[in-house]
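Comments concern the structure below.
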Amino acid sequence: MTHSPFSLLPISFPRSNWQQACELAPLFNELVDRVSLDGEFLQESLSRTKEADVFTRRLLDIHSKMLEINKREEIRLGLHRSDYMLDAQTNSLLQVELNTISTSSIAPGCIVSELHRNLINQNGKLLGLDSGNIPRNNNVSQYAEALAKAWIEYNNSRAVILAVVQADEHNMYDQLWLLSILKERYGVTVIRKTLTEIDADAVLLPDGTLLVGDREVAVVYFRAGYTPRDYPSESEWRARLLMEQSSAVKCPSISYHLVGTKKIQQELAKPNVLERFIENEDDIEKLRKCFAGLWDLDDSNAVKNAIKRPELFVIKPQREGGGNNIYGDDVRETLLKLEKERSEERAAYILMQRIFPFTAPACLVRDGSCHQVNSVSEVGIFGAYLRNKEKVIMNDECGYLIRTKGSTANEGGVISGYAVIDIIYLT
């Protein structure tokens, strides 16, 4: 057991770009919900990806079954995080990715925020910093509020929230802090189960009620299920399908999960696609302004440019959790290899413009040791969206997560060991 890795002092970040990122959160919340309702768009956009990626195919199979039985999610809950980098060349805030399942490091972000504020209050004159320029970070409380409101909408005070977790969870206290707030502040009981345990213990009643043991489940909160490693056998897939068929509120539902795939991110960046889901022209412009360059591997011009200048691009597969992207000379080698493969293989990836953020010195603390490095940072804005039929109950920006890493590191996950938790200092 060890502490969460963190930065000793906050990073500087322009206030205008910070406000831009916060204003985008409710827009992306709404966009996820609207795209999730368009089953034809999801199936068509991912039709080629599923031929090359077994994991995506299994998710789409569940989605297809829900479409076949006309399964409607009247209560829809999304806990999202949109990640950005500030591009040094254009000074533009560009989206790295949109996460719709198991958005993590909620609680540690709050702790590091208070740590930095305390350090600056004690040493402000020496450091030349003012703690008033650190935005408050209440994301764990706001996420708890969203889950509690979804539980209330389900309308059974005896029902529980089911947290779907990994068997070898390393990030348990991030989860347990959130779940303890649900119990202490809202009186909601939360049970934690792996997909394997759910397959063994869960029962679906004819009316759609989901029981785990003898407890009715109001909300299923996924902190697992986003990687093929979580499905080592058919048992776990049975559990996922069973939960999806139930009347419990899913966070996320299978359709919300699919909206967070890299391929859908790339499709939404195409000309005239946002207009399919958003009517307001100003909102469309705000969303499109943060899109980086995104292409599928059938775009011959983009692939040609990436082979010529691989350092300017990233190849991304349909995976979450860090450690999956392809950078540098490996981009060229991968593209040349894929050109020789069946065309279906190329559909498992997207090509993205590589963002080069500003660099700054930072003191990173990991395993009790402090190391000074030249660093870059990624800004994640949390969002919560809750809707019951036509009524939007919650559509809020819910705090932030800053991940700082050495400037030579490619990947950026905290739990995967690449980055540390940081906080913003507005300038």
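Every read-out reported here was derived from the displayed coordinates using simple, explicitly stated rules and does not represent laboratory data. What you are looking at is a predicted structure, and each value in this text was computed from that prediction instead of being measured. Here the Cβ is made from the backbone with ideal geometry for all residues, glycine too, and neighbour counts use every protein chain on show.
Couple of notes before you dig in:
- Förster-model FRET efficiency, 60 Å R0, residue 69 and residue 305, C-beta, rounded to 0.05: 0.85
- Range of Cα positions in the range 276-415 per principal axis (Å), largest first: 51, 49, 25
- Of all aspartates and glutamates in the structure, the ones whose alpha carbon falls short of 13 Å from that of residue 50, not counting any fewer than 8 places away in one chain, are 61, 344, 345.
- The range 138-251 - share of DSSP beta bridges that are antiparallel (%, nearest 5): 30 percent
- For the range 138-251, a Kirkwood hydrodynamic radius built from all Cα pairs, placed in the Stokes-Einstein relation at 10 °C and 1.306 mPa s, yields a translational diffusion coefficient of 112 µm²/s.
- Net lengthening on full extension, residue 201/residue 19 (0.36 nm per residue, minus Cα-Cα): 61.0 nm
- When the chain is treated as a GNM with alpha-carbon contacts under 10 Å, the residue of 127, 195, 27 showing the greatest mean-square fluctuation is 127.
- Site pair residue 155 and residue 184 shows an inter-label distance of 3.2 nm when each label is modelled 7 Å from Cα along Cα→Cβ.
- Pair residue 47, residue 122: separation of 7 Å Cα→Cβ label points (nm): 6.1 nm
- Two-site FRET efficiency, residue 312 against residue 57, from Cβ-Cβ distance with R₀ of 25 Å, rounded to 0.05: 0.20
- Under 26 Å, Cα to Cα: Lys pairs in the range 218-309, sequence gap 8 or more or different chains: 16
- Charge dipole magnitude, Cβ of K and R +1, D and E -1 - the range 138-251, Cα centre, debye nearest 20: 280 debye
- Taking other residues whose beta carbon is less than 11 angstrom from the beta carbon of residue 377, and scoring Lys, Arg as +1 and Asp, Glu as -1, yields -1.
- The local environment of residue 202, defined by Cβ-Cβ distances under 14 Å, has a net charge of -1 under the rule Lys, Arg +1 and Asp, Glu -1.
- Placing +1 on the Cβ of every Lys and Arg and -1 on the Cβ of every Asp and Glu, with nothing else charged, gives the chain a dipole about its Cα centre of roughly 520 debye.
- Taking 393, 381, 315 in turn, the Gaussian network model of the chain (Cα-Cα springs below 10 Å) assigns the largest fluctuation to 393.
- Using θ = phi - 60° in the Karplus curve 6.51 cos²θ - 1.76 cosθ + 1.60, the 3J(HN,Hα) couplings for the range 355-368 round to 8, 10, x, 4, 9, 7, x, 8, 10, 9, 10, 9, 6, x Hz; x is entered for Gly and Pro.
- Net charge, residue 402 excluded, C-beta distance under 9 Å - Lys, Arg +1, Asp, Glu -1: -1
- Karplus-derived HN-Hα couplings along the range 214-227 (A = 6.51, B = -1.76, C = 1.60, θ = phi - 60°), whole Hz, x at Gly and Pro: 10, 10, 6, 9, 8, 9, 9, 10, 7, 10, 8, x, 9, 9
- Between residue 340 and residue 360, the distance separating the two model label sites (each 7 Å from Cα on the Cα→Cβ line) works out to 4.6 nm.
- Volume per residue of the C-alpha convex hull in the chain, rounded to whole Å³: 146 Å³
- Each stretch of four or more DSSP H residues adds -39500 (n - 2.57); spread over every residue of the chain, this sum gives -12000 deg cm²/dmol at 222 nm.
- Loop exposure criterion: trypsin sites (Lys or Arg not before Pro), DSSP state outside H, G, I, E and B, at most 15 other Cβ atoms within 10 Å. Applied to the chain, the longest stretch between such sites is 159-341.
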